[in-house]
């Protein structure tokens, strides 16, 4: 029993890492623009397809991953500059509409270029179980990669000039402009970074769930839940929330409701957090003037 | 008044002409257009007129469809009798969903309803409900025959029936939106706090709008289930909600007539673009959705409405001036008078002045 629970928690943490990455990508965009990117999952799926294309072209896994990440970064920046810039002060409905449109377009592009058949995605990690049988090689490896990504994002924001400028731009655009930060470009970089993180998450999850154009639909939902649980304006909170949702999902799926209702659990988490503690565990309360 | 008669005439024409001239398949498609229009109307009441963004109306559509299907297959309730039950069920569910929605602003509500839409198929497949819902297999229901020995094919009768229900629902929606409740809904959308200060019972209006909206979309689901004769979890995935949202935006979020355009769009565009590629419908939807948001934020309905207003205004201006011209033509045989009045009329073009002083200019 205990070993079973432990096993569920471990593999929950492994999938939670994926949710944490996507949640972080969501929060990065939310923090700077107050938009929730409904297309985040589809963008990550597309990046994964690009990586698979490079692998099939004869590159090694890691080379393909790096190239896909770089390309995703560029595309992310481009999307911000072209589509999102005019939406800076648009009403919520307009931004939701554009994001849903983007979701549909990217999803269709995945299907168009790479067709709808379910594809296998290779894993660079050994296939045999590790840590005394609690985790598969891929789970352990992907958790490691996720933690590495999260750590480097943290170091980037904490200890580089550019990271500081990006945080400033997200926090207070007007004042940042006054001290000479190019806020527009900072937001675009944030989008690029979010797309790149999504690409890594996609490549890490694809060997587990297999690759098809709708691969990230459920994962995006868990990432939403994670981001809200941790606090949608707190990057650290969203990461922890992502891991927590992974564990909750696995334990609940194994002992509570069964695997058929896993997505409903994400819905319950979202509604529960929004009703009980709308700021999430680590978010700040925002006051608005009348 | 004139618009009323024109609309009535158009509805009559739109009912009789397809009945007489369309094949059964085309009638079926048209029935679905009307069904989607009702569903989109429900969402328009909530999102367009009350400002609560929902990305999960496919859930209410599914509940309506399943209510009808379960009643028809398990309890042998006649199809028409399932509609009031389905309306009540969906209104109650909508009211219950509307309660937590009270605390969710814009984006968060969109997010939560999106999650609802994603979760729907799983709930429908859940094995505890399998006895009623038929699980993954879904339920098959019979197509209703025309009653009273009317000489109509089932498709023709169903089209007539659906249009009849739709007309009633549209008239109700129209009156609600024009009336006191509608003004309260829109006041909340435009400035919630000011609306509350004016004495509007905000929680009451918002939750009842949610109930009303869910009822409309749920009824559409019932009619859709009768038309398609089949319900299954996988036909109520997140894409239903997204399509309804696309139809809403394309038709115009706060436009009652636009819902028909939006419905025709989501019914026919996939058929057309499917010829190109399997991915084309999604791409076309997405591109048009983004384009509408940037170029025509009020949607096709809002666009046509403003065009119509512009047109009628310029036409009424034209008839005014032509009448004036006739009048003045009768008075001013003297060429001098025309020249005299020139500067005066040029200076006061915008002001409504009597025909005697300006008319000659035109």
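A residue that is modelled with pLDDT under 90 and in a loop (DSSP other than H, G, I, E, B) cannot be found anywhere in the stretch A:7-30. Filtering the stretch A:172-190 to residues that are in contact (Cβ under 8 Å) with a residue 12 or more places away in the chain, in a helix (DSSP H, G or I) and more than 30 Å from residue A:54 (Cα to Cα) leaves A:183, A:184. Of the residues making up the stretch A:68-99, those that are more than 11 Å from chain B (Cβ to nearest Cβ) and either out of contact with any helix residue (DSSP H, G or I) (no Cβ under 9 Å at 6 or more places or on another chain) or surrounded by fewer than 17 Cβ atoms within 10 Å (Cβ to Cβ) (or both) are A:70, A:74, A:78, A:81, A:85, A:88, A:89.
Quick grid of which residues meet (1) in contact with a helix residue (DSSP H, G or I) (Cβ under 6 Å, 6 or more places away or on another chain); (2) within 11 Å of chain B (Cβ to nearest Cβ):
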residue	(1), (2)
A:235	yes, no
A:243	yes, no
A:252	yes, no
A:255	no, no
A:269	yes, yes
A:273	yes, yes
A:277	no, no
A:282	yes, no
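The set of residues from the stretch A:155-184 being closer than 17 Å to residue A:87 by Cβ and surrounded by 17 or more Cβ atoms within 10 Å (Cβ to Cβ) comprises A:169, A:170, A:173, A:183. Beta carbons closer than 8 Å, at least 6 apart along the sequence or on distinct chains, pair a first residue in the stretch B:275-301 that is more than 7 Å from chain A (Cβ to nearest Cβ) and at positive phi with a second that is modelled with pLDDT of 80 or more and outside any helix (DSSP H, G or I) for B:299/B:252; B:299/B:253; B:299/B:255. Just give me the residues in the stretch B:99-114 being farther than 14 Å from residue A:96 by Cα and facing chain A (nearest Cβ under 7 Å), in sequence order. Those that are farther than 14 Å from residue A:96 by Cα and facing chain A (nearest Cβ under 7 Å): B:100, B:103, B:104. Taken together, the residues in the stretch A:191-233 that are within 21 Å of residue A:158 (Cα to Cα), part of a loop (DSSP other than H, G, I, E, B) and under 14 Å from the mean Cα position of the chain (by Cα) amount to 1. Based on what the data block shows, is residue B:226 within 14 Å of chain A (Cβ to nearest Cβ), part of a helix (DSSP H, G or I) and crowded, with 24+ Cβ neighbours inside 10 Å? No; evaluated as a whole, the condition is false for this residue. With respect to the conditions (1) within 17 Å of residue B:47 (Cβ to Cβ); (2) more than 14 Å from chain A (Cβ to nearest Cβ); (3) assigned to a helix (DSSP H, G or I), residue B:256 falls short on a single one, namely (3). Of the helices (runs of 4 or more DSSP H) lying entirely inside the stretch B:64-148, the ones with 3 or more residues being at pLDDT 85 or above are found at B:79-101, B:106-125. Among residues belonging to the stretch B:263-274 that are modelled with pLDDT under 75 and exposed (fewer than 15 other Cβ atoms within 10 Å of the Cβ), point out the one that is nearest to the other protein chains (Cβ to nearest Cβ). Restricting to residues being modelled with pLDDT under 75 and exposed (fewer than 15 other Cβ atoms within 10 Å of the Cβ), the top hit is B:274. Scanning the stretch B:111-151 for residues that are more than 30 Å from residue A:261 (Cβ to Cβ) and without any contact (Cβ under 8 Å) to a residue 40 or more places away in the chain, which turns out surrounded by the fewest Cβ atoms within 10 Å (Cβ to Cβ)? Out of the qualifying residues, it is B:148. Within the bounds of the stretch B:31-38, is there any residue that is part of a helix (DSSP H, G or I), in contact (Cβ under 8 Å) with a residue 40 or more places away in the chain, more than 30 Å from residue B:112 (Cβ to Cβ) and within 19 Å of the chain's Cα centre (by Cα)? Scanning the stretch B:31-38 turns up at least one residue that is part of a helix (DSSP H, G or I), in contact (Cβ under 8 Å) with a residue 40 or more places away in the chain, more than 30 Å from residue B:112 (Cβ to Cβ) and within 19 Å of the chain's Cα centre (by Cα).
Would you confirm whether or not the stretch A:186-200 contains a residue that is modelled with pLDDT of 85 or more, surrounded by 24 or more Cβ atoms within 10 Å (Cβ to Cβ) and farther than 20 Å from residue A:83 by Cβ? Yes: the stretch A:186-200 contains one or more residues that are modelled with pLDDT of 85 or more, surrounded by 24 or more Cβ atoms within 10 Å (Cβ to Cβ) and farther than 20 Å from residue A:83 by Cβ. Filtering B:66, B:61 for residues that are crowded, with 24+ Cβ neighbours inside 10 Å and under 12 Å from residue B:215 (Cα atoms) leaves a single hit, B:61. Within the stretch A:46-67, the presence of at least one residue that is touching a strand residue (DSSP E or B) at 6+ places or on another chain (Cβ under 9 Å), under 29 Å from residue B:110 (Cα atoms) and touching a residue at least 12 places away in the same chain (Cβ under 8 Å) is confirmed. Against the condition under 21 Å from residue B:45 (Cα atoms), surrounded by fewer than 22 Cβ atoms within 10 Å (Cβ to Cβ) and touching a helix residue (DSSP H, G or I) at 6+ places or on another chain (Cβ under 6 Å), how does residue B:217 come out, does it pass? It is false that residue B:217 is under 21 Å from residue B:45 (Cα atoms), surrounded by fewer than 22 Cβ atoms within 10 Å (Cβ to Cβ) and touching a helix residue (DSSP H, G or I) at 6+ places or on another chain (Cβ under 6 Å).
Selection within the stretch B:74-92: residues that are crowded, with 18+ Cβ neighbours inside 10 Å and closer than 17 Å to residue B:224 by Cβ. The member of this set that is farthest from the other protein chains (Cβ to nearest Cβ) is B:79.
The values are calculated or read from the model by the stated rules, or taken from the named source; none is laboratory data. From a predicted model like this one, the values you see are computed outputs, not experimental measurements. A quick note on method: Cβ atoms are made from the backbone with ideal geometry, for glycine too, and the neighbour counts reach across all protein chains shown.
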